[in-house]
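Shown next, in structure tokens, is the structure this report addresses.
FYI, it's all coordinate maths here, none of it is from the lab. Note that the structure is a prediction, hence the values are computed from the model and not measured. Note: ideal-geometry Cβ built from the backbone for every residue, glycine included; neighbour counts use all protein chains shown.
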Ligand code: PLP
């Protein structure tokens, strides 16, 4: 709550004022030259750095236990910034098969054209992960928990493998937030979050953050924010910083709701199976207990015994829960992956990834859990 915030020197305002300026005045030529050379502190131009961005970055760095953080205009800008800042032609990325689809698309449609090769492996299998590494591997990319079936990756083991091969481990921990999982503490070199989700938390800001060692973050800032122009707007940075002040309260409430709904769904005869890292039935529950703290997050995936028709009936019928993409919002959001976000995947590939035709993914919000259960229970049949 307090990191990055200090009473405003000019006004005494406790909350950081929103500074919309695009450009900042220099005291004199020495000041201007010093700021350009990086030997003097200050702000030069809004695309490079601004007070609201700096406040947000200090908060996220404190949460992550990181030396530095850079905030940018979306989660994808953060991911793009990592690749653009750290990769060269001829480098390889080792990535998991369960991966946010836009990340895979960015690697395939943009970075492949610049000579970056991506090898997809099931990173839950450490032997397969080891076999995929080569002297050209620059980044091992991990996403945990992963969309939509909440597979987990062992960050400590992957950090050891990546470092042994001279590569970096970069973790997209959006589903967990730093409240439940601090990737850097397990040896990751960079931690990436779509701040659009639970960090901002109110469904009103699109943003991304990358945290880690100062020299790596500086490379991402250069490529991802400055050169790519993916700057975060001051008002958006202010919104995310405001959201972070209640992250522990929101995340504790949402993950307690998710754990309760996951248990009730699992016990219901109309439900075929439930995936939630906090359930003993999750195949990687032991890893979840080791790697996640203060609960297991707000995402639950489940499939009804009645398959796709039953899934569609529930999806169409919910009244309090919104039929909408995204996650980490105050309100609960339901997605129907096989028919929407993962519709372009071949059916066999979807099945292999555990995405059945009737799978539903619920991002649980902070509503009263009994209201949420009534909404679901009435449609379970
Ligand atoms: N990473 C994960 C795991 C996501 O779920 C998303 C968006 O859903 C992103 C990255 C991209 O974030 P944004 O939509 O802010 O670009």
Springs between alpha-carbon pairs under 10 angstrom, Gaussian network model over the chain: which of 19, 93, 209 fluctuates most? 19
Taking a quarter of the surface of the Cα convex hull of the range 163-265, what do you get in nm²? 8.4 nm²
Packing-based ranking, highest mean first, of 336-347, 135-146, 7-18 given that Cβ atoms within 10 Å are counted: 135-146, 336-347, 7-18
Taking the chain and dividing mean pair separation by its residue count, relative contact order in percent (alpha carbons under 8 Å, at least six apart): 17 percent
Tell me the label-point distance for the pair residue 30, residue 160, using the 7 Å Cα-to-Cβ offset, in nm and rounded to one decimal. 5.5 nm
Which percent, to the nearest 5, of DSSP beta bridges fully inside the range 240-381 are antiparallel? 85 percent
Label-reachable residues, the range 105-128, where backbone N falls under 19 Å from a point 7 Å from residue 88's Cα toward its Cβ: 111-118
Evaluated over the range 1-123, the Cα radius of gyration and Dmax, each in Å: 19.0, 57
Sorted from largest to smallest, which semi-axis lengths in Å does the alpha carbon gyration tensor of the range 36-192 give for its equivalent ellipsoid, taking the root of 5 times each eigenvalue? 27, 19, 15
Extended-chain gain in nm, criterion 0.36 nm per residue less alpha-carbon gap, residue 242 and residue 23: 76.5 nm
Restricting to Cα pairs below 8 Å that are 6+ residues apart, what does the relative contact order work out to for the range 320-361? Please round to a whole percent. 36 percent
Using 7 Å Cα-to-Cβ label points, what is the residue 352/residue 289 separation (nm, one decimal)? 3.2 nm
Please sort 372-379, 53-60 by packing, taking for each peptide the average over its residues of neighbouring beta carbons within 10 angstrom, highest first. 53-60, 372-379
Beta bridges per DSSP with both ends in the chain, % antiparallel, nearest 5: 55 percent
Where both partners of a DSSP beta bridge lie in the range 1-145, what percent of those bridges are antiparallel, to the nearest 5? 10 percent
Stokes-Einstein D (µm²/s) once Rh is taken as the Kirkwood radius of the range 246-335 over alpha-carbon pairs, at 37 °C in 0.692 mPa s: 235 µm²/s
What's the angle, to the nearest 10 degrees (0 to 90), between helix 75-86's Cα axis and the longest principal axis of the chain? 60 degrees
Grab the Cα-Cα distance for residue 213 and residue 371, subtract it from 0.36 nm times how many residues apart they are, and report the gain in nm with one decimal. 52.5 nm
Give me the distance in nm between label points sitting 7 Å out from Cα along the Cα-to-Cβ direction at residue 40 and residue 105, one decimal. 4.5 nm
So if I restrict to the alpha-carbon atoms in the chain, what is the Rg, and what is Dmax, the biggest pairwise distance, in Å? 21.3, 74
Please give the length that would be gained between residue 185 and residue 378 if that part of the chain were fully extended, namely 0.36 nm times their separation in residues minus their C-alpha to C-alpha distance (nm, one decimal). 65.2 nm
Rounded to the nearest Å, what's the spacing between the alpha carbon centres of the range 328-381 and the range 134-191? Just the number, please. 25 Å
Normalising by the residue count of the range 173-304, find the relative contact order in percent from Cα pairs under 8 Å and 6+ residues apart. 27 percent
C-alpha long axis of helix 155-164 to longest principal axis of the chain, angle in °: 50 degrees
What FRET efficiency do you get for residue 273 and residue 127 if R0 is 30 Å and r is their Cβ-Cβ distance, rounded to the nearest 0.05? 0.65
